[in-house]
1. For residues that are out of contact with any helix residue (DSSP H, G or I) (no Cβ under 8 Å at 6 or more places or on another chain) and in contact (Cβ under 8 Å) with a residue 24 or more places away in the chain, tally how many sit in region 76-86.
2. What are the pairs, 6+ residues apart or on separate chains, where a residue within region 87-102 that is farther than 15 Å from Ile35 by Cβ and charged (D, E, K, R) has its Cβ under 7 Å from a residue that is modelled with pLDDT of 85 or more and part of a helix (DSSP H, G or I)?
3. Can you find a residue that is among the polar types (S, T, N, Q), buried (at least 18 other Cβ atoms within 10 Å of the Cβ) and in a helix (DSSP H, G or I) anywhere in region 106-118?
4. If the Cβ limit is 9 Å and pairs must be 6+ apart or interchain, which residue in region 167-191 that is closer than 14 Å to Ile146 by Cβ pairs with which residue that is of a type in the set (Lys, Arg)?
5. Here is a check on your reading of the model: is Lys67 under 21 Å from Ile146 (Cα atoms), touching a residue at least 40 places away in the same chain (Cβ under 8 Å) and not small (Gly, Ala, Ser)?
6. I'd like to know if region 87-97 contains one or more residues that are assigned to a helix (DSSP H, G or I) and exposed (fewer than 12 other Cβ atoms within 10 Å of the Cβ).
7. How many residues does region 146-177 contain that are surrounded by fewer than 16 Cβ atoms within 10 Å (Cβ to Cβ), farther than 16 Å from Lys33 by Cβ and within 22 Å of the chain's Cα centre (by Cα)?
8. Can you find, within region 135-145, the residue that is farthest from the chain's Cα centre (by Cα) among those that are part of a helix (DSSP H, G or I) and at pLDDT 75 or above?
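The values are calculated or read from the model by the stated rules, or taken from the named source; none is laboratory data. Every value quoted in this text rests on a predicted model; they were computed, and no experiment measured them. Cβ sites come from the backbone with ideal geometry, for glycine too, and all protein chains shown count toward neighbours.
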Amino acid sequence: MEKKADIKWDENLSIGVDWIDNQHKRLLNRMNKLINAIIQKKSITEVGSIIRFLENYAEGHFSTESKYMLESSYPENDKHLKQHIKFIEKINNIRDEFRHAGASKELAVKIARETWDWYKYHISTADKALGEFLKERKISDKYGSIIEWTDDLYESLDAFIMFESDDRRLSSINDMRKTIDKIESHLTSNK
């Protein structure tokens, strides 16, 4: 039987803002994928791809939260952003450790412990406060869907890289085109 780590979403982490909760769930899913890729000794390409995704996704998600905080004059903006910077530093350290020493059980444990601890703490404190602030002001999603679609785009790109068959790669390209069309339509309809 294949070893597998599975850190579960806990509804206590929900902040009550759907697009943020959905992004948090996707981030948790990718953290699990990274831990499992290392435990299962997946290829360097696959592990590296997941780390790249985490870097990009975290930056995209944090950028979206930052836009809402700035637009709504969120009073805890600076404090919140400092926590985001800490997470990006953690991911950068994981990337550097992976590049230097490769995948190991110790790295998987470190990722699980450090990212999960940060994730739980950040969501249960900073993001819950932000969620309450956004709900009180009835601020709705303008950017969150784009981050989710960007995630879909990264998954299709990862699939393209991993697949060896031309048919499966063409399918990935078609998925990317559909996602890009959604993003373009969303951006043009919000002008």
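1. Residues meeting the conditions: 0.
2. Sorted first by the residue in region 87-102, then by its partner, the list stays empty.
3. Yes, because at least one residue in region 106-118 is among the polar types (S, T, N, Q), buried (at least 18 other Cβ atoms within 10 Å of the Cβ) and in a helix (DSSP H, G or I).
4. Sorted first by the residue in region 167-191, then by its partner, the pairs are Asn190/Lys142.
5. Judged against the criteria, Lys67 is a match.
6. Looking through region 87-97, at least one residue is assigned to a helix (DSSP H, G or I) and exposed (fewer than 12 other Cβ atoms within 10 Å of the Cβ).
7. 2
8. My answer is Glu136.
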